[in-house]
Amino acid sequence: MARGSFLRDTLGYRLAVWYAGLFVGSSVFVIGLTYFLLSASLEQRDREIVLSSLAKYTQEYRQGGLAALNRVISADRLTLDERLLVRVLGRRAEAIFYNMPADWDEFDLRDVEAPQAPGTVSWARLRGRRSGAVMDVASFRMSDGTRLQVGKSSENRAELLVRFRTIVLLVLLSVVLVGVTGGALFTYASLQPIRDLSTAVRTILQTGRMSARVPTRNTDDALDELSVLFNTLLDRIDSLIGAMRGSLDNVAHDLRTPMTRLRSIAETALHSEQRPEALREALADCLEESERVVAMLDTLMDISEAETGTMKLHLEPVRLADLVRETVELYADLAEEKNVTVTTNVPVELSVVADRSRLRQVLANLMDNAVKYTPPGGRMGIEGHRTADGVTLSVQDTGIGIPATELPRVWERLYRGDQSRSERGLGLGLSLVRAIVQAHGGRVEVSSEPGVGSTFTVTLSSRPVK
Amino acid sequence: MAFMRVLVVEDDPTIASFVVKGLQQAGFAVDHAADGERGLTLATSEPYQVAIVDLMLPGRDGLSVIEALRRRNINTPVLILSAKRSVDDRVKGLQRGGDDYLTKPFAFPELLARVQALIRRASAGTIEPTRMTVGDLELDVLSRQVTRGGHRIELRPREFALLEYLMRNAGKVVSKTMVMSHIWGFSFDPRTNVVDVLVHRLREKIDKDFPVKLLHTVRGIGCVLKVE
């Protein structure tokens, strides 16, 4: 039990970890990519702002000089929320115009005073001394040697990214939460059939009742198929156990009658003052009765084994003609004694794959009946025929026949028709015949007319089912 | 016949005493062991012509006794007695070193016949007689002639076979099962007694016209050919 739950837990744990890992991992990847792209596009946007401002201020400066530049910047400061560094450097790199938000003093502007070719725009990145922010500065050198510089700190987009990171963190947290619980739930749900299977097996092992079944979902997946197969297996075991228990009950019941007879013979002999010869007779009766008990037990066991499919059949090719000859020989004297003519018509080439001695038992039992119930002067015939997929063997007699009402019951164990009670026998012969034939995958039928005779026909397939 | 010793290893006291007494009456010297360990000790220390071993024994079981014997190169013929009747059990018993297998319950004559057959087989070279006589009944196996008091008796093949079998076992009871398997090679018992019919026919021919009867029926067991 511990082993089962350990296995299950390990499997469940692994599945859940895989699921959550994949889920969280792919989410982290997607979010990371988004973050990177966002950060890149924000930087791009800042640069575009810087460039467009640079172009605009350059034009203002050319047209209206410092005054115009000052005017535009003041106007922009009111209308735009973008804060920018604007500096105009003279020919000797002296600051002619300087406009920068006060809190940007952490950037060292001397880094961008290096000489520059005229008519070009050059970029520089300044690193803040206090915060981790950076400032991108674009410089344009005009033909007169003056340089116009516009810069923008990354503080804005950093702030945005910080906010984005917070959101992303929250999202990731929920993703992990969803991933882990989802993984656990998913695993739990997909392992449900296996848990059901374990429960069913445990119930059977602990209670011994075979009625437990695994619930199925009709989903046609592999686990559901396993459940269905397992249930089929249980059904089969159940019916086998039922059949065996039934036959055990029957055997116990059937043996009581002869055992009672045995007991009463012995008791009667014991309680009466009799001559030694009479006691001898009683003992001989006991002996015969006990022989009957053993014969009955053997036959009942054979029937049970054949019916439950536990009879071992030693299959080999059997020539029917040989089988019939041997069996007819066994009954030849008896038939002659009773003046019953026996004719056989079995083609030599007819053969089946079967258990030779079991099949001989079948034939012997049928012949036994035929000889027993055919009055002197009667006939019995054994015929073999080939059919589409096998052979038939029929034993026909001109005996007393079986009334239509009794016909269906002749196969029942210990059933003896009114007419057959006077003959010796166990009432098991035909049950055994049918059980053996069915164990071979064949069938046996009877047709009869009282006063005219009976025909028993055994049909066997050339290829036995087993 | 030389002095024959038989070992019986059987735990059930009733069956054991039944077998021991029967064998003693048949002229054997019999030792009995009630469990496998004792049986093995006896079988390894004493010379026996045959050992009769039950399979279900307390302590060491019958099969293991037989295997232990064979491992020690003791080749005493073993007749297995068992309540298990399936073909597989028989095959297993014979494969493990048993020489014959008899299913319980059994008729004593059959046990005796099998014990004698095992001894015959072990002392190979014994020539079976071809002329046998019981009272004034004579049978010649070679010329297939049967006479009683000088009168020729015509027998059919199966009747002859039965008479020969009975004469070879003269004075011993022969069970129906033994006749069945000897004459027809059938190992099961069809309910209608074909053996009775054959015995009846033989009796008609050898006993009917003579005042002294030779073929006797022993009810519940079988029949015997003997001079009373």
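The values are calculated or read from the model by the stated rules, or taken from the named source; none is laboratory data. On a predicted model such as this, the values are computed, not experimentally measured, just so you know. We place every Cβ from the backbone using ideal geometry, glycine too, and count neighbours over all the protein chains shown.
Just need a number here: residues in region A:347-359 that are within 14 Å of another protein chain (Cβ to nearest Cβ) and either buried (at least 23 other Cβ atoms within 10 Å of the Cβ) or touching a strand residue (DSSP E or B) at 6+ places or on another chain (Cβ under 7 Å) (or both).
Qualifying residue count for the region: 4.
Going through region A:360-412 one residue at a time, which ones are over 17 Å from A:L350 (Cβ atoms) and of a type in the set (D, E)?
A:D368, A:D397, A:E406, A:E412
Taking only region A:278-287 into account, find how many residues are surrounded by fewer than 15 Cβ atoms within 10 Å (Cβ to Cβ) and either in contact with a Gly (Cβ under 7 Å, 6 or more places away or on another chain) or within 14 Å of A:T260 (Cα to Cα) (or both).
0
Here is a list of conditions, (1) within 30 Å of A:E412 (Cα to Cα); (2) assigned to a helix (DSSP H, G or I); (3) touching a helix residue (DSSP H, G or I) at 6+ places or on another chain (Cβ under 7 Å), and A:D238 meets all of them except one; can you say which number that is?
Failing condition for A:D238: (3).
Output the number of residues of region A:197-210 satisfying the condition of being touching a residue at least 24 places away in the same chain (Cβ under 8 Å) and part of a loop (DSSP other than H, G, I, E, B).
Residues meeting the conditions: 1.
Within region A:104-121, is even one residue surrounded by fewer than 14 Cβ atoms within 10 Å (Cβ to Cβ), polar (S, T, N, Q), over 13 Å from A:S53 (Cα atoms) and in contact with a strand residue (DSSP E or B) (Cβ under 7 Å, 6 or more places away or on another chain)?
Yes, region A:104-121 has at least one match.
Exactly one condition in (1) within 22 Å of the chain's Cα centre (by Cα); (2) among the aliphatic types (A, V, I, L, M); (3) within 14 Å of chain A (Cβ to nearest Cβ) is not met by B:L155; state its number.
(1)
Going by the conditions given, is A:K312 more than 30 Å from B:A161 (Cα to Cα) and at the interface with another protein chain (Cβ under 10 Å from one of its Cβ atoms)?
When the stated conditions are applied, A:K312 passes them.
Residue by residue through region A:360-390, note down the ones that are among the polar types (S, T, N, Q), within 11 Å of chain B (Cβ to nearest Cβ) and closer than 22 Å to A:P450 by Cβ.
Hits for region A:360-390 are A:N365, A:N369.
Return the pairs, sorted by first residue and then second, in which the second residue is of a type in the set (D, E), the first residue lies in region B:176-187 and is touching a residue at least 12 places away in the same chain (Cβ under 8 Å), the beta carbons are less than 8 Å apart, and the residues are 6+ apart or on different chains.
The qualifying pairs are B:K176/B:D189; B:K176/B:D196; B:T177/B:E110; B:T177/B:D189; B:M178/B:E110; B:M180/B:D189.
Across region A:164-205, what is the number of residues that are acidic (D, E) and in contact with a Gly (Cβ under 8 Å, 6 or more places away or on another chain)?
0
If B:V195 satisfies every condition in (1) modelled with pLDDT under 85; (2) at the interface with chain A (Cβ under 10 Å from one of its Cβ atoms) but one, which is the exception?
(1)
For region B:164-185, enumerate the residues that are over 23 Å from A:S357 (Cβ atoms) and away from chain A (no Cβ under 14 Å).
The answer is B:E164, B:L166, B:M167, B:R168, B:N169, B:A170, B:G171, B:K172.
Yes or no: region A:404-412 includes at least one residue that is part of a helix (DSSP H, G or I), within 21 Å of A:D302 (Cβ to Cβ) and within 13 Å of another protein chain (Cβ to nearest Cβ).
No, because not a single residue in region A:404-412 is part of a helix (DSSP H, G or I), within 21 Å of A:D302 (Cβ to Cβ) and within 13 Å of another protein chain (Cβ to nearest Cβ).
Residues of region B:24-44 being part of a helix (DSSP H, G or I) and β-branched (V, I, T), which ones?
Residues satisfying the conditions are B:T41, B:T44.
Keeping to region A:294-309, report how many residues are within 45 Å of the chain's Cα centre (by Cα), at the interface with chain B (Cβ under 10 Å from one of its Cβ atoms) and β-branched (V, I, T).
1
Out of the residues in region B:201-214 meeting the condition of being within 13 Å of chain A (Cβ to nearest Cβ) and in contact with a helix residue (DSSP H, G or I) (Cβ under 8 Å, 6 or more places away or on another chain), tell me which one is surrounded by the most Cβ atoms within 10 Å (Cβ to Cβ).
B:L202
Every residue in region A:316-341 that is surrounded by 15 or more Cβ atoms within 10 Å (Cβ to Cβ) and more than 13 Å from chain B (Cβ to nearest Cβ), please.
Result: A:V318, A:R319, A:L320, A:A321, A:V324.
Is there a residue being within 22 Å of A:G417 (Cα to Cα), within 48 Å of the chain's Cα centre (by Cα) and not hydroxyl-bearing (S, T, Y) anywhere in region A:347-358?
no
Which of the residues belonging to region A:56-86 are touching a residue at least 24 places away in the same chain (Cβ under 8 Å) and either charged (D, E, K, R) or assigned to a helix (DSSP H, G or I) (or both)?
The answer is A:Y57, A:T58, A:Y61, A:R62, A:L66, A:L69, A:N70, A:I73, A:E82, A:R83.
Do you know which of the residues in region B:30-88 that are over 22 Å from the mean Cα position of the chain (by Cα) and among the basic types (K, R) is farthest from B:F3 (Cα to Cα)?
The qualifying residue farthest from B:F3 (Cα to Cα) is B:R60.
Can you tell me which residue within region B:45-95, out of those that are under 18 Å from B:A34 (Cα atoms) and in contact with a Ser or Thr (Cβ under 6 Å, 6 or more places away or on another chain), is surrounded by the fewest Cβ atoms within 10 Å (Cβ to Cβ)?
Here the residue is B:Y48.
Would you mind stating whether A:L169 is assigned to a helix (DSSP H, G or I) and not β-branched (V, I, T)?
yes
Please find, within region B:127-160, the residue that is modelled with the lowest pLDDT out of those that are loosely packed, with under 10 Cβ neighbours inside 10 Å and within 30 Å of B:Q49 (Cα to Cα).
Looking at the filtered set, the residue picked out is B:I127.
Can you pull out the strands (runs of 3 or more DSSP E) entirely within region A:285-401 that have at least 2 residues that are touching a Phe, Trp or Tyr at 6+ places or on another chain (Cβ under 8 Å)?
It comes to A:390-397.
Restricting the search to region A:59-100, which residues are over 18 Å from A:D46 (Cα atoms) and among the acidic types (D, E)?
Within region A:59-100, A:E60, A:E94 qualify.
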